[in-house]
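*Asks:* Here it is, the structure, as structure tokens.
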Amino acid sequence: KNRGVEMTVVLPNYKDSALIDALDKDFRYSCFSDDKSFSKISTSERIREAEKDFKALGATVLFYSSHIRSTYYFADDRCIFAPFKHGKEKLCVPAVLCQNGGSFFEFCKNDMDNILKDAKEMEE
């Protein structure tokens, strides 16, 4: 925990079974896995573990009930954007670094702002 550093993490809403099923299918988890030795830990449990880990770091953790199809990492006036792949085969996914002042950064910021607008803290 560093003073002056704020971190907000948006995770899938683990209470939304339709969303969890869609994630399992997209990422080939659970019953959609080709790997029969795949861990028996459910996606919901993995998300709850991530929530605890991020909160231990002092992060604000929010939950989103729609499918996010890319990842954004913002730090000050920069953003790292990483898209998700759509094919079954393993691929190296590129990460794109952009800086405030450009149209790509504005797209990322606007998209993230829309996600944050609809993301909520989990009610126990």
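*Asks:* At most 16 other Cβ atoms within 10 Å and a DSSP loop assignment: could you name the chymotrypsin sites (Phe, Trp or Tyr not before Pro) in the range 76-124 that fit?
*Replies:* Working: sites: Phe81, Phe84, Phe104, Phe105, Phe107; in loops: Phe84.
Those that pass, being in a loop and sparsely packed, are Phe84.
*Asks:* Further question: First check a/c for the range 74-124, with a ≥ b ≥ c the square roots of the eigenvalues of its C-alpha gyration tensor; if it is under 1.5, answer rounded, and if not, answer prolate when a/b is larger than b/c or oblate otherwise.
*Replies:* Values: a/c = 2.38, a/b = 1.10, b/c = 2.16.
Oblate shape, in that a/c is at least 1.5 and b/c is the bigger or equal ratio.
*Asks:* Here's something else I'd like to know. Pull up all non-local amide H partners of Met7: gap of 5 or more, or a different chain, and H-to-H distance under 5 Å with H placed in the peptide plane.
*Replies:* Sorted by chain and number, the residues that satisfy this are Thr60.
*Asks:* Oh, and also: Taking 18 Å as the cut-off for C-alpha to C-alpha distance, list the pairs among Lys15/Lys90; Lys15/Lys120; Lys55/Lys120; Lys52/Lys120 that go past it.
*Replies:* Going by Cα-Cα distance, Lys15/Lys90 fall outside the 18 Å limit.
*Asks:* Can you give the accessible area per residue of the range 84-124, in Å², using a 1.4 Å probe?
*Replies:* Result: 83 Å² per residue.
The values are calculated or read from the model by the stated rules, or taken from the named source; none is laboratory data. It should be emphasised that the depicted structure is a prediction, and the values quoted were computed from it without experimental measurement. Here the Cβ is made from the backbone with ideal geometry for all residues, glycine too, and neighbour counts use every protein chain on show. Note: areas computed on protein heavy atoms with side chains; ligands, DNA, RNA excluded. Shrake-Rupley method; radii C 1.70, N 1.55, O 1.52, S 1.80 Å.
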